[in-house]
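One structure is given below, encoded as structure tokens.
The values are calculated or read from the model by the stated rules, or taken from the named source; none is laboratory data. The shown structure was predicted, so the numbers you read here are calculated from the model rather than taken from an experiment. When we count neighbours, we look across all protein chains shown, and the Cβ atoms used for this are built from the backbone with ideal geometry, even at glycine. For accessibility, only protein heavy atoms count, side chains too; no ligands or nucleic acids. Shrake-Rupley method; radii C 1.70, N 1.55, O 1.52, S 1.80 Å.
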Amino acid sequence: MNYEDLFAQAVTKVQREERYRVFADLERIVGEFPFARNHGPGPDRVVVWCSNDYLGQGQNPVVIEGAVAALQRMGAGSGGTRNISGTHHLLVELEAELADLHAKPSALVFTSGYVSNSATLSTLARLMKDCVIFSDELNHASMIDGIRQSGAEKKIFRHNDIAHLEQLLRDQPASRPKLIAFESVYSMDGDIAPIAAICDLADTYGAMTYLDEVHAVGLYGARGGGISERDGVAHRLTVIEGTLAKAFGCLGGYITGSASLIDAVRSYASGFIFTSSLPPAVAGGALSSVRHLKQDDMLRQRHQERCRRLKALLGEAGLPVMPSQTHIVPLLVGCPLRARRMTDLLMQQHGIYVQPINYPTVPKGTERLRITPSPMHDDELMRQLVHALKDVWQQASAAHSRAA
């Protein structure tokens, strides 16, 4: 058995399917967000237009100060798992702040948003005998992974389709444990779940609700509690999950809920129990960021204004911007080769970094550029982006025509 050949063949398969990922080698510059040094092909200095650090909090002096102070006071590592010397006090404070953010009794911090989804969903379903999980068809891979690990029966409902979800719920015995898992903001299309309507169904059919607010925490609501806070429905949800790695600009994931539910996950979830806890610098930075964004609603308002502005400019330029209710600005390309060609040209000719989004992240034929404006992308940067997009669109279209 030639194992190396097996690995090489697997990579070749991905390349032939035009979904091989190429990473941009960047170095973020403190104090100069959204600019970065580029260590790959193209100019030395580029503008980043696809970061999930939606508010530039990773560059916020308040967040950096919190991280540095924790590092200097407590050292580099956490010292172990949460059970074995790794529950440093900053984590305790961070969990209290996150519980307060979502108006829940308790919270639990994980090493990433992926782990928080996977570990929690798999654990909850295993703890409820004969549980059935109802999952939105566009749920994130981490949620799908957790549901698969649970071994529970799953029912997939059409994206944001309340009638289909009710049909599936109605078919189940009233006494059977049920869990509805869905997201608030879907990060590729930028649409929003009908949270209140799903909670209505959960009340009617006796189901728990699990809401992933990863792409909304920090960005929506008076204090950054997400869409559920903005819409006044956070109290109706059983579990609210979020991340510290996007709008909060750091690293880590978390869940919030009742004290007994959080304690059960803490006691049974392997993804929580058997891994080292977040180091002090990360927890200190995240704690500072959460506290800051609870107070800074002006930054959220600026962010929303910038997103509306860019959507309008793209539309006026005749570029195929997809409908979006949120800060996600998708530009439909519809071909993986063209998407890659366009992003290469943007980087090499214009010093603009946008990552192409291809299958399996999005369905084939819906390949796109996913643009995420921040409060720091000013009018001039937007003008440059629109000009560059029109230029590379023409170049990529001409190349595609010649190839055809």
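Test of the criteria: in segment 241-330, which chymotrypsin sites (Phe, Trp or Tyr not before Pro) are in a DSSP loop and have at most 14 other Cβ atoms within 10 angstrom of their Cβ?
Phe274
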note = Shape call for segment 275-404, from the Cα gyration tensor axes a ≥ b ≥ c (a/c under 1.5 means rounded, otherwise prolate when a/b beats b/c, else oblate), comes out prolate
ask   = With charges set only on the Cβ (+1 for Lys and Arg, -1 for Asp and Glu), what does the dipole of the chain come to about its Cα centre, in debye to the nearest 20?
value = 460
note = Karplus-derived 3J(HN,Hα) from phi for segment 257-269 (6.51 cos²θ - 1.76 cosθ + 1.60, θ = phi - 60°), whole Hz, x at Gly and Pro, runs x, 5, 4, 6, 5, 4, 5, 5, 5, 4, 8, 10, 7
ask   = Which whole-Hz couplings ³J(HN,Hα) result when phi for each residue of segment 385-394 is put into the Karplus expression 6.51 cos²θ - 1.76 cosθ + 1.60, θ = phi - 60°, listed in order with x for Gly and Pro?
value = 4, 4, 4, 5, 5, 5, 5, 6, 4, 5
Length-normalised contact order for the chain - Cα pairs under 8 Å, 6+ apart - percent = 22
key: Sum of side-chain charges, Gln59 neighbourhood, beta-carbon under 9 Å (Lys, Arg +1; Asp, Glu -1)   = -1
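About its Cα centre, how strong a charge dipole does segment 300-404 have in debye, to the nearest 20, once Lys and Arg get +1 and Asp and Glu get -1 at the Cβ?
In total the dipole reaches around 260 debye.
For the chain, the longest stretch holding no trypsin sites (Lys or Arg not before Pro) located in a DSSP loop with at most 14 other Cβ atoms within 10 Å is which?
159-363
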ask   = Taking a label point 7 Å from the Cα of Asp297 along the Cα→Cβ vector, which residues of segment 181-220 have an amide N closer than 15 Å to it?
value = 218-220
Max mean-square fluctuation residue, GNM over the chain, Cα-Cα springs under 10 Å, options Ala286, Ala103, Ala339 = Ala103
query = Applying the Karplus parametrisation 6.51 cos²θ - 1.76 cosθ + 1.60 with θ = phi - 60° to the phi angles of segment 315-323, what ³J(HN,Hα) value in whole Hz is obtained for each residue in order, glycine and proline being reported as x?
reply = x, 5, 7, x, 8, x, 6, 7, x
key: Ile156-Thr204 pseudo-label distance in nm [points 7 Å out on the Cα-to-Cβ vector]   = 2.4
Ile29 long-range amide H proximity, modeled H, under 5 Å = Arg37
request  = Enter the angle in degrees (range 0 to 90, nearest 10) between the Cα long axis of helix 195-205 and the first principal axis of the Cα atoms of the chain, meaning the one along which they spread out most.
outcome  = 30
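Given a 1.4 Å probe and every protein chain left where it sits, what share in percent of the accessible area of the chain is carbon and sulfur?
Using a 1.4 Å probe with all protein chains present, the chain comes out at 53 percent carbon and sulfur.
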remark   = In the chain, taking the dipole from +1 charges on Lys and Arg beta carbons and -1 charges on Asp and Glu beta carbons about the Cα centre, the listed residue (Ile328, Tyr210, Ile262) farthest towards the positive end is Ile328
ask   = Residue farthest toward the positive end of the dipole of segment 292-404, with Cβ of Lys/Arg at +1 and Asp/Glu at -1: which of Ser374, Leu310, Ala399?
value = Ala399
inquiry  = As I understand it, the value is the acute angle between the Cα axis of helix 113-127 and the longest principal axis of the Cα atoms of the chain; what does it come to in degrees, rounded to 10?
reply    = 30
Sequence-distant residues sharing a close amide H with Ile156 (under 5 Å, placed H) = Ser135
task = List the relative contact order of segment 1-54 as a percent without decimals, with contacts defined as Cα pairs under 8 Å and 6+ residues apart.
result = 20
key: Angle in degrees between helix 280-295 and the longest Cα principal axis of the chain, rounded to the nearest 10   = 90
task = Name the residues whose placed amide hydrogens come within less than 5 Å of the amide hydrogen of Met208, ignoring near sequence neighbours (fewer than 5 apart) on the same chain.
result = Lys178, Leu179, Ile180
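For the chain, what does the helix formula give at 222 nm: sum of -39500 (n - 2.57) over DSSP H segments with n ≥ 4, over the residue count, nearest 500 deg cm²/dmol? The partial results should precede the final answer.
Details: 14 runs with 180 residues, N = 404.
My calculation for the chain gives -14000 deg cm²/dmol from helical runs alone.
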note = segment 338-404 accessible area per residue, 1.4 Å probe, protein heavy atoms, integer Å², reads 45
request  = Grab the chain and count how many Lys pairs have their alpha-carbon atoms under 24 Å apart, sequence gap of 8 or more, or different chains.
outcome  = 15
